[in-house]
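One structure is given here, and the rest of the page talks about it.
The values are calculated or read from the model by the stated rules, or taken from the named source; none is laboratory data. What you see is a predicted model; the values in this text were computed from it and never measured. Cβ: placed from backbone, ideal geometry, glycine included. Neighbour counts: every protein chain shown. Side chains included, ligands, DNA and RNA excluded: accessible areas come from the protein's heavy atoms. Shrake-Rupley method; radii C 1.70, N 1.55, O 1.52, S 1.80 Å.
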Amino acid sequence: MSLTFIDLFAGIGGFRLALEQLNSECVFTSEWDKDSAKVYFNNFDDLPLGDITKIDESTIPDHDVLCAGFPCQAFSISGKRLGFADTRGTLFFDIERIVKQKKPKVVFLENVKNLLKHDNERTFNTILQKLEELNYQVFFKLLRSSDFGVPQARERVYIVGFRNDLNIKSFKFPEPISETKTVRDILEKHPPENTFIDRDDIVINDHNKTINDARKPHRVGTISKGGQGERIYSIDASGITLSAFGGGPGAKTGAYLVDGRVRKLTPREAARMQGFPETFILDEKINKALKQFGDSVSVPVIKQIYESILLSLNSK
């Protein structure tokens, strides 16, 4: 089955990489950040349209699947007592109005783990309710990237909605695969010197070497007081979640003990940690590239969920 999809809040194209590997065709894409849009264009020869809030939903092409890793910051406006009673003013509203207009077969969304608990679960329940009101059967699950072949303990909630007339009453998210990758598997052999962190307040805890679960990060030391970006991890376990905005000496990637020295990850290593191919063209500026991968999705997780979506559609 060859399907069409749209790529909203597209970032640098993680959803597109996954879906195109399964023979689906992108017919529309939107990304407001100009740096991310440039990287997207360099890799897909397709320049995303800008701010989705300014795009008339009736001008968007018909499509089978709506994909969106929509920004979580949008929910900060939610009233403390009233909860997420109205989606207007948030970026989920733009998904809602497009779904209402175009009625795709499938809605496929990704967001941060905290969305599940935000505002005493009112935010998430409102999202589910809005999709159900638009006549979708909705399923969701929290998945960890390190269970799907990349060394990053990134937990994200994935939402899949099938249009009711498709009559898909159950959906099975993919199960963790047997292969476990560690940070060691994605390291470059000759990283630039500017990735290394040489300070006199680094403390390595040699007594803390036993790794019980390689799919979780394993901390082996600290920089300074051990705050954000100041924790040092083993390369023989999963890495921490890449972050778009994290601070400290290990900002955005975390700090790792590699051959006796402490360092951050390079942009190419961050790309590997998200399951992007070696051929993917990175932003030339290191900090921008790291931010983009912190904002992105884990391609193998998206791909395996989409395989399950295709199975459900093909079974009808």
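The antiparallel fraction among DSSP beta bridges confined to the chain stands at about 65%. Sorted largest first by accessible area at a 1.4 angstrom probe radius, with every protein chain in place, the residues Ser58, Ser36 fall in the order Ser58, Ser36.
Highest mobility in the GNM of the chain, judged by mean-square fluctuation with C-alpha springs under 10 Å and restricted to Ile95, Ile12, Ile168, is found for Ile168. Heavy-atom accessible surface of Asp147, to the nearest 10 Å², is about 20 Å², with a 1.4 Å probe and all protein chains retained. Quick check on the range 165-316: take the gyration tensor over C-alpha atoms, sort the square-rooted eigenvalues as a ≥ b ≥ c, and tell me if it's rounded (a/c under 1.5), prolate or oblate. The shape class here is prolate.
Quick check: Cα centre of the range 88-129 to Cα centre of the range 1-38, how many Å? Each part's Cα centre sits 19 Å from the other's. Measuring against 28 Å, Cα to Cα, the residue pairs Lys102/Lys291; Lys38/Lys172; Lys181/Lys264; Lys141/Lys209; Lys172/Lys285; Lys103/Lys169 contain Lys102/Lys291; Lys38/Lys172; Lys141/Lys209; Lys172/Lys285 as the ones spanning a longer distance. Here the average projected area of the convex hull drawn through the C-alpha atoms of the range 127-251 stands at 11.0 nm². Among the trypsin sites (Lys or Arg not before Pro) within the range 189-262, those in coil by DSSP and having at most 12 neighbouring Cβ atoms inside 10 Å are Lys189, Arg199, Lys209, Lys225. Labels on offer are (i) 140; (ii) 156; (iii) 168, and the one holding volume of the Cα convex hull per residue in Å³ computed from this structure is (i). Backbone phi angles across the range 4-17, fed through the Karplus curve with coefficients 6.51, -1.76 and 1.60 (θ = phi - 60°), yield HN-Hα couplings of 9, 9, 10, 10, 9, 6, 6, x, 9, x, x, 4, 5, 3 Hz in residue order; Gly and Pro are listed as x. Atom-type composition of the exposed protein surface of the chain places 47 percent of the accessible area on carbon and sulfur (1.4 angstrom probe). When the helices of the chain are scored as -39500 (n - 2.57) per DSSP H run of n ≥ 4 and the total is divided over every residue, the value at 222 nm lands at -7000 deg cm²/dmol. The relative contact order of the chain, computed from alpha carbon pairs under 8 Å that lie at least 6 residues apart in sequence, is 16 percent. Centre-to-centre separation between the Cα atoms of the range 258-301 and those of the range 182-203: 14 Å.
When the chain is treated as a Gaussian network with alpha carbon springs shorter than 10 Å, the biggest mean-square fluctuation among Pro151, Pro48, Pro174 belongs to Pro174.
Per residue, how many Å² of accessible area does the range 247-301 show with a 1.4 Å probe?
36
Within the chain, what's the longest run with no GluC sites (Glu not before Pro) in a DSSP loop and at most 16 other beta-carbon atoms within 10 Å? Give the range, please.
1-120
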